[in-house]
Amino acid sequence: LQGIVTQKQEWLYLDTSLGKLPDEIQLHTARNGKEGVQILLETVGEIANVKATLPTMMDAEIYQLIDIPVEYNTASATDQGGRFVIMDEQADKPFYCTRKAPFRVYDCLKPIHTSEVQVRNNRFGLYVCIVPQEEIIEGSYPVTLEIEIEEGTYTLVMNVQIYDVLIPTEQFSVTNWFSLNNIASKHGLKQGSQAFLDMVRAYARAMRRTRQTHFFLMLDPKYYRLETEFNFDYIKPIAEIFFEEGFKKMEIGSFATQGDYMLTDELKCAADPTIKVSSKEGYWILTEMIRAWKSFLEVNKWENKVVYHICDEPDVHITGPESMVQRKAQYFMIANLLRKYLGNLQIIEAVKTDEFRGGIDIWVPLTVNYEELKDEFDKLKNQGNEVWNYVCCAPTGEYLNRFLDIPLLRSRLLFWGCSKYKLDGYLHWGLNHYGEGQDPFEQSCCPNPTGLGTSFPAGDAHIVYPGADGPWISMRLEAQRRGIEDLELLNQMEANDSVKYDELVSKIFTNNKVYEDNINLFEEVREKMLRWASR
């Protein structure tokens with residue numbers, strides 16, 4: 001039998017070189033952690049049979065690895081308005097990428113619910129995630145996996161070392177923005193139907209499994225703006241699902257939009273993009289919208305469970321200083337209306353600068369912008385504001401991000417950076433924001449509807465896939481989950497022994513462009529973290 005087995009945070013490819021398989025491997029995890037193993041076998045058969053034998057107080061989630069195409073390599077940039085991918089012919093791969101595009105990589109994880117599984121492309125890939133129950137005691141536990149293929153049966157013993165440490169309940173905030181329209185369209189469901197709400201719950205559970213704490217509902221005027229009034233009742237069953245599944249906060253937005261042109265100086269009302277925010281009509285429509293929203297919150301007793309987006313990236317796509325002045329005046333008008341009618345609230349926004357001081361309570365700069373203006377953002381944090389980080393179609397190149405053509409470990413290292421900088425949260429726009437007509441199983445570079453730049457980088461717009469039975473998570477989302485778990489343990493360590501914390505983190509992370517993504521070194525450092533935490 002030929003294959004490969006790895007417990008490290010690394011990619012497997014459709015053409016990965018295979019060799020002799022190990023009889024056993026060693027895993028390390030906290031009592032409430034989730035530790036994964038990737039397995040790739042070569043076979044001429046069409047069917048594989050999988051069986052896992054587990055000790056008591058331990059479960060396993062088993063997924064089939066599905067290969068995804070990467071059409072273009074990511075370009076190198078730090079801004080959000082240029083060339084995101086390299087579309088012209090290139091002789092070699094960029095040095096910061098894993099491979100020269102095009103290629104295929106195992107990112108999608110299809111849940112396996114039966115022992116018999118269909119083989120794809122003469123290779124059978126598995127991701128096995130070991131899930132100990134929290135009450136388990138420290139020690140080593142053998143998990144036996146048997147995979148029967150045409151050529152024979154492969155048996156792997158996974159020795160799971162459980163450390164006497166619990167990953168803390170989420171102190172760090174996380175949001176991945178999602179599209180309700182894509183949940184409906186990609187699964188062939190009608191919005192508002194019971195089948196649609198059941199699917200929304202499946203997405204909510206996938207998000208909570210990966211430690212997401214906030215959920216963003218983009219207010220859609222075709223549902224909330226009726227002929228003579230505003231009515232937000234359509235949101236109620238959706239919000240109830242997320243709160244029932246354990247989310248802490250609902251993000252609501254947006255109240256303003258750039259409209260059809262990102263570089264406009266004049267923001268428009270999201271309820272009616274033909275109306276300028278600065279106009280008298282804009283004032284009245286925003287006032288009525290906010291008052292109706294207040295009544296909706298009071299009826300459902302959700303006043304203290306909401307944070308607000310006014311207009312995404314208000315200081316990113318501007319033409320110059322005069323544009324910034326206009327944007328600020330429009331933004332602050334809406335902020336004042338929100339505070340007037342809704343009282344003690346928090347406004348959260350993805351930003352590039354600290355220009356909107358007094359209007360924003362939760363600042364979310366791009367990683368590169370945070371490092372450029374670290375003193376300013378840290379001062380805001382010291383004054384009682386929250387400061388998060390985000391990445392999207394930028395920064396690219398050597399910077400940490402979560403694209404399909406850069407090392408998988410980088411998706412995890414983002415959160416070592418959030419710990420090092422003592423940030424409060426992380427935001428990404430693309431849980432399932434596939435482009436119109438895009439099949440994410442066959443196209444990973446999402447078309448860019450803004451007109452600024454090329455297609456979005458591979459995987460930027462989505463980190464889950466629309467499976468036949470619900471959302472199928474990805475290896476990148478697993479790396480994100482494990483990075484957030486690392487962060488919670490690191491933050492606990494820092495509180496108890498800052499010297500040891502600095503020693504460990506400095507081996508891996510310097511800044512978002514300078515870090516160590518050697519998978520072997522990372523595993524050594526992570527095991528030291530678990531051993532220290534279990535003392």
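FYI, it's all coordinate maths here, none of it is from the lab. None of these values were measured; they are calculated from a predicted model. Cβ sites come from the backbone with ideal geometry, for glycine too, and all protein chains shown count toward neighbours.
With θ set to phi - 60° and the Karplus curve 6.51 cos²θ - 1.76 cosθ + 1.60, what are the ³J(HN,Hα) couplings of the stretch 10-27 in order, to the nearest whole Hz, using x for Gly and Pro?
Using θ = phi - 60°, the values come out as 9, 7, 10, 10, 4, 10, 4, 5, 10, x, 5, 8, x, 7, 8, 9, 10, 10 Hz.
May I ask which residue of T56, Y390, V119 lies farthest towards the positive end of the charge dipole of the chain, with charges of +1 (Lys, Arg) and -1 (Asp, Glu) on Cβ and the Cα centre as origin?
Y390
What helices in the chain pass both tests, a Cα length along the helix axis of 27 Å or more and a mean Kyte hydropathy of -1.0 or higher, using whole DSSP H runs?
TM-like helix candidates: 280-300, 321-342, 475-496.
Per-residue counts of other Cβ atoms within 10 Å, averaged by peptide: what ranking do you get for 56-62, 15-21, 214-220, highest first?
Ranking the peptides 56-62, 15-21, 214-220 by packing returns 214-220, 56-62, 15-21.
As a quick test, which of the pairs K294/K379; K8/K379; K305/K340 have an alpha carbon distance above 29 angstrom in this structure?
K294/K379; K8/K379
K513: which aspartates and glutamates have alpha carbons under 13 Å from its alpha carbon, excluding same-chain residues fewer than 8 sequence positions away?
Here the aspartates and glutamates satisfying the reach criterion relative to K513 are E371, E372, E398.
Tell me whether the chain comes out rounded, prolate or oblate; compute the Cα gyration tensor, take square roots of the eigenvalues as a ≥ b ≥ c, and use a/c under 1.5 as the rounded threshold.
prolate
Kindly provide the helix-only [θ] at 222 nm of the chain, computed as the sum of -39,500 (n - 2.57) over DSSP H runs of four or more divided by all residues, to the nearest 500 deg cm²/dmol?
About -9000 deg cm²/dmol.
Using modelled amide H (1.01 Å from N, peptide plane; none on Pro or chain starts), what sits under 5 Å from the amide H of V165, excluding residues fewer than 5 places away?
HN-HN under 5 Å from V165: R31.
Starting from the Cα gyration tensor of the stretch 213-379, take the square roots of the eigenvalues, sort them a ≥ b ≥ c, and report rounded, prolate or oblate (rounded when a/c is under 1.5, otherwise prolate if a/b is larger than b/c, else oblate).
oblate
Give me, ordered by chain and number, the residues 5 or more places off I112 or on other chains with an amide H under 5 Å from its own placed amide H.
Residues meeting the criterion, in which the H sits 1.01 Å from N, are I62, Y63, Q64.
Picking from I285, L21, P447, whose Cα lies most toward the positive end of the charge dipole for the chain (charges on Cβ: Lys, Arg +1; Asp, Glu -1)?
I285
Only Cα pairs under 8 Å and at least 6 apart count here; give the relative contact order of the stretch 213-379 as a rounded whole percent.
About 19 percent, as a whole number.
Provide the per-residue ³J(HN,Hα) series for the stretch 144-153, in order, calculated from phi with Karplus coefficients 6.51, -1.76, 1.60 and θ = phi - 60°, each as a whole number of Hz, with x at glycine and proline positions.
9, 10, 10, 10, 9, 10, 4, 7, x, 10
By DSSP, what percent of the beta bridges with both residues in the stretch 213-379 are antiparallel, rounded to the nearest 5?
Taking every DSSP beta bridge within the stretch 213-379, about 25 percent pair in antiparallel fashion.
With only Lys, Arg, Asp and Glu charged, each at its Cβ (+1 for the first two, -1 for the last two), find how big the charge dipole of the chain is about the Cα centre; round to the nearest 20 debye.
About 940 debye.
Non-local amide H neighbours of Q346 (under 5 Å, H modeled in plane, Pro and chain starts lacking H): which ones?
Under 5 Å from the amide H of Q346: Y308.
Restricting to the chain, compute how many DSSP beta bridges are antiparallel as a %, nearest 5.
65
Pop out the ³J(HN,Hα) list for the stretch 109-118 in order, Karplus 6.51 cos²θ - 1.76 cosθ + 1.60 with θ = phi - 60°, rounded to Hz; leave Gly and Pro as x.
Residue by residue, the stretch 109-118 yields 10, 8, x, 9, 10, 10, 6, 9, 10, 6 Hz.
Over the chain, what relative contact order in percent results from Cα pairs under 8 Å that are six or more residues apart?
Result for the chain is 18 percent.
Counting only pairs 8 or more residues apart or on different chains, how many lysine pairs in the stretch 203-292 have their Cα atoms under 20 Å apart?
Taking the Cα cut-off of 20 Å, the pair count is 7.
Using a/c under 1.5 as the rounded threshold, could you call the stretch 122-235 rounded, prolate or oblate? The axes a ≥ b ≥ c are square roots of the C-alpha gyration tensor eigenvalues, and prolate needs a/b larger than b/c, oblate otherwise.
Because a/c hits 1.5 or more and a/b fails to exceed b/c, the stretch 122-235 counts as oblate.
Can you tell me the dipole magnitude for the stretch 213-379 around its Cα centre, using point charges on the Cβ only (Lys, Arg +1; Asp, Glu -1), in Debye to the nearest 20?
520
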